[in-house]
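Single-structure report; data block below.
Just so it is clear, none of the values below were taken in a lab; they were calculated from the coordinates. From a predicted model like this one, the values you see are computed outputs, not experimental measurements. Ideal geometry is used to build each Cβ from the backbone, glycine not excepted, and the neighbour counts take in all protein chains shown.
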Amino acid sequence: MALQRWIFGLSTFAIGAAAIALDGDVRGEGDHSGYAPVQPIAFSHRLHAGELQIACQYCHYGAETSRHAGIPASSICMNCHQVVRAGMDAVLAEKAAAELEQRQVRPVESVELRKLYDFLALDSELKPLPGRAPLAVPWQRVHALPDFVYFDHRAHVSRGVACETCHGQVQAMERMRQESTLSMGWCVACHRASSPALGTAAGAPDGPRLEEHVSTDCVACHY
Ligand code: HEC
Ligand code: HEC
Ligand code: HEC
Ligand code: HEC
Ligand code: HEC
């Protein structure tokens, strides 16, 4: 599916206000792999990173240069969703229905994207609603190390450790979930199996131990 298909001639109005689902599972103690809280907007990595092939760092641009990969602000979404206001299937279905009923094509707006526009306080023509301030989307955090652990994306991503090594097949996830345990054993096993000069020589946490490996000193990860 090409993004270019969307650049032309999509004009839409609003249909219906959105109900905002804010439930998220409670995160308990211990191993959180598999944790996948419901998000306030049904954002799909499978669609964006998989089908549309948008690069991870288009949205998570901090990953290579800073400690945190970061969650994108809504303005990044609006680079596309100012124009793309519904899924391709819904747009095509409306076109077909209009043809069959011999009437004008009506504008289509996605219920999920309406939630984004509501957070941004935008009306049916995507103009700011008077008297309403935009709100950040309250995305539910999925991964969370304890405060006493130091982790830095830059150290890993700039050394060529791929996102998938730690986060799994994100391109296939309809809803984001934690793939790895994020336990101390998981971190240390990969450090033992990785060469500091070449990044991950073994590539996987269950690879061989190396003579000269990435630091497993307590202070590397604990202040
Ligand atoms: C179009 C923007 C966009 C792209 C492209 C994208 N993401 Fe995301 N990502 C988000 C948003 C928004 C969230 C927060 C909502 C959620 O968790 O689904 C998120 C959440 C995440 C999280 C969980 C964050 C947490 O709370 O712990 C991870 C991990 C992640 N993305 C990895 C990736 C990887 C890896 C890729 C590429 C394969 C990628 N993302 C591509 C927008 C994007
Ligand atoms: C070596 C393992 C590893 C790699 C490689 C990695 N991550 Fe992460 N990621 C983590 C851990 C661990 C956390 C939780 C950090 C915390 O709680 O402080 C995390 C958290 C995140 C988050 C939540 C927000 C944040 O910044 O903490 C996002 C988004 C994310 N990763 C995206 C990515 C993307 C995109 C890539 C590839 C460019 C990537 N990660 C590569 C381990 C990794
Ligand atoms: C680079 C362009 C691009 C960016 C950036 C982008 N999207 Fe999308 N998104 C699309 C396209 C294109 C579609 C429609 C795909 C289709 O169904 O044909 C889409 C579809 C969606 C849908 C599904 C609509 C439906 O009901 O079918 C949601 C929800 C969504 N995006 C949310 C977001 C959010 C939230 C962000 C920001 C974190 C974001 N998108 C960033 C291009 C983008
Ligand atoms: C898949 C392999 C892998 C996993 C999993 C992994 N790391 Fe790393 N880590 C590396 C590599 C490779 C480096 C780069 C070493 C270098 O640049 O010399 C690194 C570097 C670091 C550094 C910088 C150390 C230094 O001496 O500069 C810290 C801190 C760190 N990792 C913490 C963590 C923590 C905390 C976790 C678990 C939450 C973790 N890592 C999980 C492979 C991994
Ligand atoms: C490569 C990173 C890394 C190194 C090196 C490391 N730790 Fe940890 N440690 C972690 C992570 C991640 C956790 C959190 C585990 C969790 O939340 O399940 C942790 C948790 C702990 C805890 C809390 C109890 C527990 O087991 O959850 C203690 C105590 C601890 N580490 C001590 C040490 C000591 C002592 C050393 C040196 C011998 C060390 N760590 C080296 C990453 C590391």
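In nanometres, what is the gap between the two model label sites at A97 and W139, each 7 Å from Cα along Cα-to-Cβ?
Those two pseudo-labels are separated by 3.2 nm.
Please sort by residue number the chymotrypsin sites (Phe, Trp or Tyr not before Pro) in the stretch 103-178 whose DSSP state is loop and whose Cβ has at most 10 other Cβ atoms within 10 Å.
Numbers: sites: Y117, F119, W139, F148, Y150, F151; in loops: W139, F148, Y150, F151.
Sparse-neighbourhood loop chymotrypsin sites (Phe, Trp or Tyr not before Pro): F148.
To the nearest 0.05, what FRET efficiency results for R159 and M78 with a Förster distance of 25 Å applied to their C-beta separation? Walk me through the numbers on the way to the answer.
On the way: r = 33 Å, r/R0 = 1.32.
Efficiency for this residue pair is about 0.15.
Could you work out how much longer the chain between V149 and E112 gets when fully extended? Use 0.36 nm per residue separation minus the Cα distance between them, nm to one decimal. Please report the intermediate quantities before stating the final value.
Working: separation 37, 0.36 × 37 = 13.32 nm, distance 3.57 nm.
Full extension from V149 to E112 adds 9.7 nm.
Taking loop as defined by DSSP and a crowding limit of 14 other beta carbons within 10 Å, which trypsin sites (Lys or Arg not before Pro) in the stretch 89-147 fit?
Taking the stretch 89-147 and a limit of 14 other Cβ atoms within 10 Å, the loop trypsin sites (Lys or Arg not before Pro) found are R103, R132, R141.
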